[in-house]
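A.B. asks: Got a structure here, written out as structure tokens. Questions coming.
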Amino acid sequence: CYPLDRWVEVAGALLSEGFSVCWLGGPSDIGPEVDGSTNLVGKLNLAESMAMVARSTVHLAGDTGSGHIAAAYGVSVVSVFGPTSPDLYRPYGARVRVLQEGSSPSLVRPAQILDAARTLVAEHESKISH
């Protein structure tokens with residue numbers, strides 16, 4: 001698991017840049033209360049969560065199923081890995097960036113996630129405008 005305080009840092013930066021941030025997760029997950037974001041953790045069933053993912057500009061995830069769902073919908077994905085091999089278990093798609101620094105996801109810096117997300121969004125927007 002990527003540390004929650006780091007996800008909060010990433011969310012704060014994205015909110016300050018004008019992005020909408022929505023938190024998704026299951027009933028046993030912790031949903032942070034971040035001013036300006038929407039906390040839907042534990043409030044949606046799987047189909048509703050998938051619909052939210054499908055509507056996303058970019059989906060940020062740990063090594064979880066939601067990253068695979070986003071990639072299947074063609075949504076840009078930044079996936080943070082720890083000890084699991086991304087060569088075997090990464091989400092696949094043209095708009096997927098996997099970040100891994102050693103065997104702990106906590107070694108991935110929030111700035112790396114933000115840079116990957118910004119790059120994916122910019123690449124996607126430039127393709128739309130052409």
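A.B. asks: In terms of modelled amide H atoms, which long-range or inter-chain residues lie less than 5 Å from the amide H of residue 59?
C.D. replies: Residues meeting the amide H criterion: 76, 77, 78.
A.B. asks: Just how far, in whole angstrom, is the range 1-73 from the range 113-127 if you go by their alpha carbon centroids?
C.D. replies: Using only Cα atoms, the two centres lie 17 Å from each other.
A.B. asks: Which residues does a label at residue 17 reach in the range 38-67, if reach means a backbone N under 17 Å from a point 7 Å past the Cα toward the Cβ?
C.D. replies: 56-61
A.B. asks: Return one quarter of the surface area of the convex hull spanned by the alpha-carbon atoms of the chain, equal to its mean projected area, in nm². Each step should come with its number before you reach the end.
C.D. replies: Details: hull surface 30.7 nm².
Taking a quarter of the hull surface, the average projection is 7.7 nm².
A.B. asks: Would you calculate a helix-derived [θ] at 222 nm for the chain, using -39,500 (n - 2.57) for each DSSP H run of n ≥ 4 and dividing by the full residue count, to the nearest 500? Could you put the intermediate results ahead of the total?
C.D. replies: Details: 5 runs with 55 residues, N = 130.
So the calculated ellipticity at 222 nm is -13000 deg cm²/dmol.
Quick note: the coordinates plus some simple rules give every number you see, no bench work behind them. Note that this is a predicted model, so its numbers are computed, not measured. Glycine also receives a Cβ, built like all others from the backbone with ideal geometry; neighbour counts cover every protein chain displayed.
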